[in-house]
1. Only one residue in B:101, B:86 is within 30 Å of residue B:339 (Cβ to Cβ), of a type outside the set (Phe, Trp, Tyr) and not in a loop (DSSP other than H, G, I, E, B). Which one?
2. Against the definition (at pLDDT below 95, within 14 Å of another protein chain (Cβ to nearest Cβ) and either farther than 30 Å from residue B:107 by Cβ or in contact with a strand residue (DSSP E or B) (Cβ under 9 Å, 6 or more places away or on another chain) (or both)), how does residue A:78 come out, yes or no?
3. Residue B:224 versus (1) more than 25 Å from residue B:96 (Cα to Cα); (2) open to solvent by less than 80 Å² (accessible area, probe 1.4 Å): which is the lone unmet condition?
4. Given (1) without any contact (Cβ under 8 Å) to a residue 40 or more places away in the chain; (2) assigned to a loop (DSSP other than H, G, I, E, B), identify the lone condition not met by residue B:187.
5. Within region A:42-62, take every residue that is within 14 Å of chain B (Cβ to nearest Cβ), out of contact with any Cys (no Cβ under 7 Å at 6 or more places or on another chain) and in contact (Cβ under 8 Å) with a residue 40 or more places away in the chain and give me the one that is farthest from residue B:73 (Cα to Cα).
6. Go through B:183, B:147, B:242 for me and flag whichever is at pLDDT 95 or above, touching a Lys or Arg at 6+ places or on another chain (Cβ under 6 Å) and either surrounded by 13 or more Cβ atoms within 10 Å (Cβ to Cβ) or not aromatic (Phe, Trp, Tyr) (or both).
7. Answer yes or no as to whether residue A:12 is free of Cβ contacts under 8 Å to residues at least 40 places away in the same chain, more than 13 Å from the chain's Cα centre (by Cα) and more than 14 Å from every other protein chain (Cβ to nearest Cβ).
8. Can you find a residue that is among the hydrophobic types (A, V, I, L, M, F, W, C), within 14 Å of another protein chain (Cβ to nearest Cβ) and open to solvent by 30 Å² or more (accessible area, probe 1.4 Å) anywhere in region B:163-180?
Amino acid sequence: MPEVTYIEFNGTAHRVDVPHGSSVMRGAVDNNVPGIDADCGGECACATCHVYVDPAWLDKTGLPEPGSQEASMLSFAAVAEPNSRLSCQIKMTDALAGLIVRMPEGQH
Amino acid sequence: MNTPIELDHRANAYSLPLDTLDVSDPRLFYDDVWPPYFERLRREDPVHFTPASPYGPYWSVTKYRDIVQVEVNHKAFSSSDDFGGIMINDAPKGMERTSFIRMDPPEHDEQRREVSSTVNPITLAKMEDLIRDRTNMVLDGLPRGQTFNWVERVSIELTSMMLATLFDYPIEHKARLIRWSDTFICDINAPDAPVRSEEARFAEQMRFAEHMNEIWEERANKPKSFDVISILAHGEATNRMTLRQRMGILILFLVGGNDTTRNSMSGGVLGLSRFPEQFRKLRENPDLIASAVSEIVRWQTPVIHMRRTAVADGEIGGKPIKAGEKVVIWYISGNRDEEVIERPDELIVDRKRPREHMSFGFGIHRCLGNRLAELQLRILWEEILRRDLEIEVVDRPVYAYSNFLHAIRSLPVRIAA
């Protein structure tokens, strides 16, 4: 299974194997990685699975389409940056093996 | 329950002809008899059309996943006051109190972004000590061995202090904020309604607006500070608002910060008294407080419904919805949907995935103050447990006559001496 590294706001790193087709959000929640709340359970209907994608991986994860539901929800997140994504919208593939994401200071 | 109920509501809910089933009747919530009516709809007609009601014809969406779909699809289902707004009762024409909760993008987005920093988790971390000090003060001042109303002595006291802080309003006058909030959100047909007509309500709203406007103008002339009024007075998207727009957005903060968390503060005490083994579990495992807070917010569901208006022909759960039709999403029912939430009528403090509830709504209108609500509730329960308070509910709660706010007016309790 492809591995994802989640780095908490305080710097603590968690390496987790995330099954193909599962989301980066699911990988965190199912392995009790703190810092991702995922209140809506993956419907892209809140912004509480917000992560910053490591810049080296942005080409592969891509960014939300302008005007999409994800872009809209992210625009209300507490501390969004140009590399922000909702992790429920990043589906795991082989190309993403080794992905690094960082958590924001808080989920809102 | 406010009146003795002779009627068997389960039998009644299941025997009514479906097309006469109207879950908008405020008495269902006043008398606390709503569960079987929504249960029947979830089972037999989850997207339900009521052809005639005091609010006109409307659709009821009662299942969790259907409600999420309506919320996410804000392009098809509008919140705008132009179509009647967010309550089953249309916003009164000419007397609207429009704010971003009653707007669609792009206007909604600009206003919401401007103010969201006031209650984001980074700002809130700085408020924790203040909230704890006040919670300690309120809990330490409670009588022992005698009956008192938890709503007044704790829930209203704490949330009104919080409101005064958010507005940087003189705390000695916090009761004014509560009276205003109750006036603005009440059902004018409620037995205890402080106003009896939309005109009287609007007049009171304008008095509030003029009063707060003086504070707004003062803050506009001072450097930007951290309170909501200062942030609005200095914000690019908000600093040129008209008096009516100021009224709208300040009322949104007023009601949103008041009659919601208040009812979770009361609902938690009520719920844990109904499920004493859960209260015991929580006392023995204070690590469960965060989870219990989410569960209390779900179990209480402080906001009963939101309303949208279809702007084009479409469908929900296979039912055709026509442009212009009123669509009511019943959070109180979605939070009892057994397909998504196991044993939904029970308050279970160590539930799996307790954060997956719909009390805060979803999509672009999701509750802005949810983190502040959770923070206040977490601190309240930490301090109750630290004191090992044995809170006994000694009589039935009295609920508000409202189909919008699931509000507890009175909750008589006693704390062991």
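The values are calculated or read from the model by the stated rules, or taken from the named source; none is laboratory data. Values in this document were obtained by computation on a predicted structure and should not be read as measured data. Cβ: placed from backbone, ideal geometry, glycine included. Neighbour counts: every protein chain shown. The accessibility values were calculated without ligands, DNA or RNA, using every heavy atom of the protein model including side chains. Shrake-Rupley method; radii C 1.70, N 1.55, O 1.52, S 1.80 Å.
1. Testing whether each residue is within 30 Å of residue B:339 (Cβ to Cβ), of a type outside the set (Phe, Trp, Tyr) and not in a loop (DSSP other than H, G, I, E, B) leaves just B:101.
2. So residue A:78 fits the description; yes.
3. Result: residue B:224 fails condition (2) only.
4. Evaluating residue B:187 over (1) without any contact (Cβ under 8 Å) to a residue 40 or more places away in the chain; (2) assigned to a loop (DSSP other than H, G, I, E, B) leaves (1) as the failure.
5. A:50
6. So the residue among B:183, B:147, B:242 that is at pLDDT 95 or above, touching a Lys or Arg at 6+ places or on another chain (Cβ under 6 Å) and either surrounded by 13 or more Cβ atoms within 10 Å (Cβ to Cβ) or not aromatic (Phe, Trp, Tyr) (or both) is B:147.
7. Yes, satisfied.
8. No, because not a single residue in region B:163-180 is among the hydrophobic types (A, V, I, L, M, F, W, C), within 14 Å of another protein chain (Cβ to nearest Cβ) and open to solvent by 30 Å² or more (accessible area, probe 1.4 Å).
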